[in-house]
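Below is one structure, written out as structure tokens; comments come after it.
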Amino acid sequence: MNDFKERIAAELVAVRNRSLAYTEAEDDLLVRQHSPLMSPLVWDLAHVGNYEELWVLREAGGITPLRPEIDDLYDAFKHPRKDRPSLPILGPGEARRYIGGVRGRVLDVLDAIDPDGPDPLHRDAFVFGLVIQHEHQHDETMLATLQLSREPGLVRDGDLPPGGSAGAEEVFVPAGPFLMGTGTQPWAYDNERPAHRVDLPAYWIDRLPVGNLAYAAFIDDGGYDDPRWWTPEGWHWRQESHACAPLFWTRDGGTWWRTRFGRPEPVPMDEPVQHVCWYEADAYARWAGRRLPTEAEWEKACGWDPSAGRARKYPWGDDDPGPGRANLGHRAARPAPLGAFPAGASAYGVEQMIGDVWEWTASLFLPYPGFRSFPYREYSEVFFGKDYRVLRGGSWAADPAAVRTTFRNWDHPIRRQIFSGFRCARSATPEQA
Ligand SMILES: [Fe+2]
């Protein structure tokens, strides 16, 4: 195998080790449903193997199905998450054997494909990018499940750099066009394509995500009890849910506590706020006299290099994220303190856009002009419309392989079990522009 294929083989090993580490637990924990929002962990485990079988072995490799009878059980569109525990899914031991059997044949396909050939699944090893990113995304979902389970001691933690980088609160982005989306990132999903010109008026965007200290001030100011700050749908959610703080927060006297992977701890006031839904982010922004950035504003501030007139793969450039640039890949099971990554700043000087928390944007999940679904409609196309808001940037749980300035995530505006936060923006006044 050449260097390119060796690197892909190493990525396949790394992501599988990650999935196996998250499912090194008693069988009971793996088969139980910890929340109706989530699948049992053992479903995710076999599903990533089944997806790998469908796409790498069958579609790209032309290999006869290994277990066609289980396809239906692992089709995410046939069975909503809440119904998955009642399906006759594979048990933990059988699931591990099945995904191991698939993986044994996957390396043969990797060896055989021509990354420079005409087949769009083979070109640049796209199909391997598809399954590697897919498995990392399920690993992040498994972490959200483990967080909901409140089982202690299952998720490792690690060290992060201290915060506190100096700089202005907001960054000014002058009016002008930029290229949104991509036609050059080989593993980009269909929803990130094609690259297209977007002309934006001038705006301001926060240098850092909104932190726990600022968010606690919103709570203390009665933000959850004042309908002025909420959209009608958001206020409805607020009343139905009785939410009065981010998910997993509780108050003890004058101190906010949170439960993180089963461990209670005081809320660190210097971290980006996490586990808020879109309605909460939107209400906070209105209370603060601001608004959420649109997806285009977020991407321009993150990836556009105005002096070079080109888009970067990451805020700092095209080099891989190192430990000094972003908090990715589950180095620690939490966001890094605000200002921990001055070396990860974008061309405009905006920090912590990649890693730490997924950032809610104001935008609905919609196709770019010229969108074409690939390799299947159910990846993106069926989600376009009014039901989902876009999140950007990737959390501490996202892997570098599944993160870039153009990457689009989406979810319902009520969801907050995900590792979600936000930053604010505002339009420039005519004098500023
Ligand atoms: Fe999936």
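Readers should treat all values here as calculations from the given coordinates under stated rules, not as data from a laboratory. Quick caveat, the model's predicted, so the values are computed rather than measured. Backbone-built Cβ (ideal geometry, glycine too); neighbour counts: all protein chains shown.
Think of each Lys and Arg Cβ as +1 and each Asp and Glu Cβ as -1; about the Cα centre, that makes the dipole of the stretch 14-92 roughly 200 debye. Once the Cα atoms are used to define both axes, helix 41-52 deviates from the longest principal axis of the chain by about 60 degrees. By the gyration tensor of its Cα atoms, with a ≥ b ≥ c the square roots of the eigenvalues, what is the shape of the stretch 88-195: rounded for a/c under 1.5, prolate for a/b over b/c, or oblate? Note, shape of the stretch 88-195 comes out oblate. Compared with the dominant Cα axis of the chain, that is its longest principal axis, helix 278-287 is turned about 20°.
Between GLU170 and ARG207, the built amide H atoms are under 5 Å apart, and every one of these is 5 or more places off in sequence or on another chain. Note on the stretch 158-433: with charges restricted to the Cβ of Lys and Arg (+1) and Asp and Glu (-1), its dipole about the Cα centre is near 400 debye. Computed from Cα positions, the angle between helix 232-241 and the longest principal axis of the chain comes to roughly 70 degrees. Classify the chain as rounded, prolate or oblate, taking a ≥ b ≥ c as the square roots of the eigenvalues of its Cα gyration tensor: rounded when a/c is under 1.5, otherwise prolate if a/b is larger than b/c and oblate if not. Oblate. I'd like to know which of TRP187, GLY91, LEU20 lies farthest towards the positive end of the charge dipole of the chain, counting +1 on Cβ of Lys and Arg and -1 on Cβ of Asp and Glu. The one lying farthest along the dipole's positive direction is TRP187. Kindly provide the helix-only [θ] at 222 nm of the chain, computed as the sum of -39,500 (n - 2.57) over DSSP H runs of four or more divided by all residues, to the nearest 500 deg cm²/dmol? Helix-only estimate at 222 nm: -9000 deg cm²/dmol.
Annotation: the antiparallel percentage among DSSP beta bridges lying fully within the chain is about 95.
Any idea what % of Cα-Cα pairs in the stretch 1-110 are farther than 24 Å? List each step's numbers first, then the result.
On the way: 1592 of 5995 pairs.
In whole percent, the long-distance tail amounts to 27.
In the chain, if the dipole is taken from +1 on Lys/Arg beta carbons and -1 on Asp/Glu beta carbons about the Cα centre, which of TRP287, PHE384, ALA401 is farthest to the positive end? Positive-end residue among those listed: TRP287. For the stretch 3-149, a simple Cβ point-charge model (Lys and Arg +1, Asp and Glu -1, everything else neutral) yields a dipole of about 360 debye relative to the Cα centre. The peptide list 82-94, 156-168, put in order of mean Cβ contacts within 10 Å with the highest first, becomes 82-94, 156-168.
Each peptide among 365-371, 97-103, 311-317 gets the average number of other Cβ atoms lying within 10 Å of its residues, and from highest to lowest they stand as 311-317, 97-103, 365-371.
Comparing HIS412, MET269, ALA425 along the charge dipole axis of the chain, the residue lying farthest to the positive side is ALA425, per the Cβ-charge model.
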